[in-house]
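The values are calculated or read from the model by the stated rules, or taken from the named source; none is laboratory data. Remember, predicted model here, so these are calculated numbers, not experimental data. A quick note on method: Cβ atoms are made from the backbone with ideal geometry, for glycine too, and the neighbour counts reach across all protein chains shown. Please note that ligands, DNA and RNA were not included when accessible areas were found on the heavy atoms of the full protein model with its side chains. Shrake-Rupley method; radii C 1.70, N 1.55, O 1.52, S 1.80 Å.
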Amino acid sequence: MLSRLLTGALLAGAAAGLVAAVLQLVLLQPLLIEAEAYEIASIPAAGGEAHGHGATEIAAGIDLARNGLTILFSILIYAGYALILTALMALAESRGHAVTARAGLLWGAAGFVAVQLAPAVSLGVALPGGAAADIAMRQVWWIACVAATGLGLWCLAFGASARAWGAAIVLVLGPHLIGAPQPESYWSAAPAELASVFAPRALGIGLFAWMVTGALAGYLRTRSETAAETRAA
Amino acid sequence: MTQALTALRDTSVSHLAAIALTFALGAGIVFVAGHVQAAALHDAAHDMRHATGFPCH
């Protein structure tokens, strides 16, 4: 049981993470690098240090080590997403809701809404080099928002009562009514035009990769169920 | 009968335990790859964090 859950999730996550990484490197990385160039230019003293990668590192064209790490971490994060999604799929199945590849598309879309769209609604999808509230505060809000939205979507999908749907509305809207931590004042090294392309692109890639995750995880669950039934017969 | 019931309960318990473990493993990976601020981890995961909307710095 456990090994079937893990195998399916890790396969789905690795494939989706690879898809996400390729799309990210082609469509997002140029915007990220450009924003960092603005960020470096905005640092006045020579001693100033850009976050993340050192300034000299960023300046040098395509960075193989950096892109390699992005691919690795993309696979890792989508493996994490797929493990969570697969666990919840198995829970739904144990309560009599069949999961297929087609249903997996919806599962993936719901995962995207909970983990990427909902936090972005109030926290934004940030380019490097902008104002932001305290990182720990934002992380706490992010985790709370993802957990509340996820639970809300579960209530919406599987709770067949007015009370469950009411709870879903409160859980999904609550984090945004409370509000995400915001900086005291706004500034940004990169132009707004860059950020306004970056955010929807990041979300679009996220939606696609999450739906790949869901469809593959769903497909592999139907496969593993069939295999288990064949063995049992 | 009792035996069958015990077997059923055991299966369902191990089933739920496997689900919980899978979920916890996934949540752990997402937390480490997405949120831990240790410098080396932050630098390595930096671009992925921006692309997937994690609060980064």
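Restricting attention to segment A:203-222, the residues that are over 23 Å from A:L27 (Cα atoms) and within 11 Å of the chain's Cα centre (by Cα) total 0.
Every condition in (1) within 14 Å of chain B (Cβ to nearest Cβ); (2) open to solvent by 30 Å² or more (accessible area, probe 1.4 Å) holds for A:W141 except the one numbered (2). Residues in segment A:79-98 that are aliphatic (A, V, I, L, M) and either open to solvent by less than 10 Å² (accessible area, probe 1.4 Å) or within 11 Å of chain B (Cβ to nearest Cβ) (or both): A:A79, A:A82, A:L83, A:I84, A:L85, A:A87, A:L88, A:M89, A:A90, A:L91, A:A92. Looking across segment A:156-176, the residues that are open to solvent by less than 30 Å² (accessible area, probe 1.4 Å) and touching a residue at least 12 places away in the same chain (Cβ under 8 Å) come down to A:A168, A:G174, A:P175. State whether the residues of segment A:186-202 include one that is of a type in the set (G, A, S), open to solvent by 50 Å² or more (accessible area, probe 1.4 Å) and either in a loop (DSSP other than H, G, I, E, B) or in contact (Cβ under 8 Å) with a residue 40 or more places away in the chain (or both). Yes, some residue in segment A:186-202 is of a type in the set (G, A, S), open to solvent by 50 Å² or more (accessible area, probe 1.4 Å) and either in a loop (DSSP other than H, G, I, E, B) or in contact (Cβ under 8 Å) with a residue 40 or more places away in the chain (or both).
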